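Worksheet: the structure to be examined is printed underneath.
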Amino acid sequence: MRDLQPQAAQAQVQELARAAAQDLLAPSATANDRDERFPEDAMRHLARSGLFGINVPKAYGGLEAGVVAYALAVRELASACAGTTVGLMVTNMVAEAITRFGDESQRQRWLPGLLSGAHAAASFCLSEPGSGSDAASLRATARREGNDYVLDGTKAWITSGGRAGLYLVMARTSPDGGSRGISAFIVEAGTPGLSATKPEDKLGMRASVTTQIVLDGCRVPAANRLGDEGDGFKVAMGSLDGGRIGVAAQACGIAAAAQRCAIEFAQGARADGSALSEQQSAQWLVADNAVELDAGWLLVLRAAALKDKGAPHSREAAMAKVFCTEMASEVASRALQVLGEAGEDSRYSAERNLRDARVTRIYEGTSEVQRIVIARECLKALS
Amino acid sequence: MVDFDLTQEQIMVRDLARAFALKDVAPHAHAWDEQSRFPVEAVKKMGELGLMGVAVPSEWGGAGFDTVSYVLAMEEIAAACASTAVTMSVNNSLVCDPLLKFGTDAQKAEWLTPLAEGRKLGCFALSEPASGSDAGAAQCFAELSADGSHYIVNGTKNWITNGPDADVCVLIAVTERGQGNRGMTAFISPMPSEGLTVGAHEKKLGIKASSTSQLVYSNVKIPVSLRLGAVGDGFKVAMTTLDGGRIGIAAQALGIARAAYEASVRYSQERMAFGAPISQLQAIQFKLADMATRLDAARLLTLRAAMLKDQKVRHSKESAMAKLFASEAAMWITTQAIQVFGGNGYVKDFPVERHFRDAKICEIYEGTSEIQRLVIAASALKEVSA
């Protein structure tokens, strides 16, 4: 370990995200959570500032800033509003998939628009009602008809469903072949046969819209296929691989918000004649939060730095994800404890942070999937 | 720039320590523990290898490496034998470090050089029978003689690691009563000295091969020339020293935890249950995954604190975080390791029983977990109000 200071360009992205978090997200975070309101205008603002394509080349309107910068930005944004941030993260994932797996005409066709506010989000459609962690068993189909594909099936837990401009859809182009029979498609909003169901009523991340996406004879040109036929699973896994670092960073942002809330409360509240912050009961909760936050953040930075270098990082990304997401639940729960009864009150962020933290242990690979990945790597290393 | 890579030099130090630990320490660790035998030969060889003064500049007899290298070396030694590691840690962090930072050139020449070269062994005396965490309540008193040539020291120091084997002690004593933290001064106390009695070896739960005793001072004369730092600076010397010492103990905890973790991974691939190695069971896999994750998190916190010390940036909070997290991770990981081993983990035929006992002290010495939490909370609260 030689240095942990972000480079100037990374710090600039962090600063951009911090300003956006304060100006665009923080003021309406409580209301958006309460009313389940997707902040469409804020999302388009974020798009125009480049934050929809943090790892996308500048030529297409992105920031081309790398994974460390992405983690820094996500942490800042998530500390203001985790729900809005998840929409942004998924959009980044789709933008990166187009960059990485699309050809030049596909990049030109979709990226400049997406990164200049033409859409409020992009969606990533992999999971189905019958397949989550076991993604290779998905059942949606894409049937070739001349120069088109016809997509049928149902996608579940789709972030920004119904609000996105682009949908990256994984569907089966071959009935057998398991993970090798899957292909990836970009489906534009408004394509006949694509529809979103009523939004899910969720525990947390309520500023983000989650729906099912129903594909019913949805016809897309073959030119919308990302990569070759059969590359879909690779596209999906390649996207999720970076996604785990993002979710870990998001969890750090949620935890940091909860910790700040707890500290500010402890400094203002009084107990037994002195500030609550002078009681060891509160200090212990704050100290444990601080340590775990730092430990988690170091795991995130390490995984991000490895990915930026192009080095193997699946073990490190999985460690960051499982540690940070479970840490965020713990930290938010301790923060609530510092606040006591006030912790139940939505005037303080702690209860929202606690609700928002929970799903990070589930999406983009559950904690259980992360532990399987880590254990596999550990057993291999010492066998 | 965010850079987690080790330098060539750091890798070299780690590999040197690893090779030594595997050859000269690990094979004996079990017996040393059984016999509560101080590892004299290993300590001597560590001196020859530069491991007793890793971060001391070569002009003062040290190896001239950085704190990150020290952490890496400590982890390797501790993975083999936690007792040998704490002997090393005390000499490096609690004795060489304050001599380097607060000593005069004459003091360095006389004491630091032989300590860093491993020709002498040091100990550090702050705690007393009635004051551990509350270091400001110390009673041991150093009174300036009438002619001003020496101090006369009376009092008892407790839980002194290396005490029975040391040639010199960095002593923190009260020089002005009623002044609390500001009334303390640090001394270089040669051993043996007339009037200084080394108490009986403590019988301990873990780190049994390291020696621990009381030091009883009864009219011990220490020349004024051996005062370390200014009068009244003793508490500052102690706290600054412990900021570094905590990094060493965090590294010790890392080594203990890693040994337990690696033993568990290997055992899980050999031990059969229900017709297959238990490593194929998710119940075991998930334990291993959590052990590995906490170990990595602890190592990152420890390396960060070491890096900041090398950058000469204030690192009290980061050292406290490293020490707290790594020691609690070691306790947790060694507990899980025994669970992976089942009944075999509970007997001395397998190493994890020793690792479990050795881990506990890391949560206590050089600042209990509770003291670390106080340090961290104070710092976290200050950051937000600022």
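The values are calculated or read from the model by the stated rules, or taken from the named source; none is laboratory data. Note that the structure is predicted; figures quoted are calculated from it, not measured. Neighbour counts are summed over all protein chains in view; Cβ atoms, including those assigned to glycine, are modelled from backbone coordinates with ideal geometry.
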Single residue of region B:304-321 satisfying the filter (in contact (Cβ under 8 Å) with a residue 40 or more places away in the chain, part of a helix (DSSP H, G or I) and under 21 Å from B:L100 (Cβ atoms)) that is nearest to the other protein chains (Cβ to nearest Cβ)
B:M307
In region A:1-24, how many residues are acidic (D, E) and modelled with pLDDT of 95 or more?
2
Which numbered condition in (1) more than 14 Å from chain A (Cβ to nearest Cβ); (2) surrounded by 22 or more Cβ atoms within 10 Å (Cβ to Cβ) is the only one that B:A259 fails?
(1)
Within region A:341-383, the residues that are free of Cβ contacts under 8 Å to residues at least 40 places away in the same chain and either facing chain B (nearest Cβ under 9 Å) or out of contact with any Leu (no Cβ under 9 Å at 6 or more places or on another chain) (or both) are A:E341, A:R361, A:I362, A:I372, A:A375, A:R376, A:L379, A:K380, A:A381, A:L382, A:S383
Strands (runs of 3 or more DSSP E) wholly in region B:132-188 with at least 3 residues that are surrounded by 20 or more Cβ atoms within 10 Å (Cβ to Cβ) and over 23 Å from the mean Cα position of the chain (by Cα) - which ones?
B:150-161
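Rundown of residues vs (1) more than 23 Å from B:D165 (Cα to Cα); (2) crowded, with 18+ Cβ neighbours inside 10 Å, yes/no style:
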residue: B:K221; (1), (2): no, no
residue: B:T241; (1), (2): no, yes
residue: B:G255; (1), (2): yes, yes
residue: B:F274; (1), (2): yes, no
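For every residue, the table says whether it meets (1) farther than 26 Å from B:V68 by Cβ; (2) assigned to a loop (DSSP other than H, G, I, E, B); (3) of a type in the set (D, E, K, R).
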{"position": "B:E194", "(1), (2), (3)": "yes, yes, yes"}
{"position": "B:K203", "(1), (2), (3)": "yes, yes, yes"}
{"position": "B:Y217", "(1), (2), (3)": "yes, no, no"}
{"position": "B:T240", "(1), (2), (3)": "no, no, no"}
{"position": "B:I247", "(1), (2), (3)": "no, no, no"}
{"position": "B:L254", "(1), (2), (3)": "no, no, no"}
{"position": "B:A259", "(1), (2), (3)": "no, no, no"}
{"position": "B:S268", "(1), (2), (3)": "yes, no, no"}
What pairs come up if the first residue lies in region B:134-153 and is farther than 13 Å from B:K221 by Cβ and at pLDDT 95 or above, the second is part of a strand (DSSP E or B) and among the aromatic types (F, W, Y), and their beta carbons are under 7 Å apart, counting only those six or more places apart or on different chains?
B:C140/B:Y217
When the residues of region B:340-349 are filtered to those that are in contact (Cβ under 8 Å) with a residue 40 or more places away in the chain and surrounded by 19 or more Cβ atoms within 10 Å (Cβ to Cβ), which remaining residue is farthest from the other protein chains (Cβ to nearest Cβ)?
B:F341
Let me confirm something: among A:A136, A:A189, A:A142, A:A156, which residue is over 25 Å from A:G87 (Cβ atoms) and modelled with pLDDT of 95 or more?
A:A142
Would you confirm whether or not region B:357-371 contains a residue that is surrounded by fewer than 24 Cβ atoms within 10 Å (Cβ to Cβ) and among the aliphatic types (A, V, I, L, M)?
yes
For the list (1) buried (at least 22 other Cβ atoms within 10 Å of the Cβ); (2) within 10 Å of another protein chain (Cβ to nearest Cβ); (3) among the hydroxyl-bearing types (S, T, Y), I need the number of the one condition that B:T334 fails.
(2)
Total residues in region A:44-62, condition touching a residue at least 40 places away in the same chain (Cβ under 8 Å) and surrounded by fewer than 24 Cβ atoms within 10 Å (Cβ to Cβ):
9
Answer with yes or no whether A:A11 is farther than 24 Å from A:E188 by Cβ and assigned to a helix (DSSP H, G or I).
yes
Please tell me if B:V384 is β-branched (V, I, T), more than 21 Å from the chain's Cα centre (by Cα) and crowded, with 23+ Cβ neighbours inside 10 Å.
no
Do any helices (runs of 4 or more DSSP H) lying entirely in region A:55-149 carry at least 1 residues that are touching a Phe, Trp or Tyr at 6+ places or on another chain (Cβ under 6 Å), and which ones are they?
A:82-101, A:104-114
Give me a count of the residues in region A:266-321 that are in contact (Cβ under 8 Å) with a residue 60 or more places away in the chain, more than 30 Å from A:Q7 (Cβ to Cβ) and at the interface with chain B (Cβ under 10 Å from one of its Cβ atoms).
1
Identity of the residue in region A:322-353, under 14 Å from A:D33 (Cα atoms) and among the small types (G, A, S), that ends up surrounded by the fewest Cβ atoms within 10 Å (Cβ to Cβ)
A:S346
Mind telling me which of the residues B:A359, B:A297, B:A380 ends up being in contact with a Gly (Cβ under 9 Å, 6 or more places away or on another chain), facing another protein chain (nearest Cβ under 8 Å) and either farther than 29 Å from A:S383 by Cβ or part of a helix (DSSP H, G or I) (or both)?
B:A297
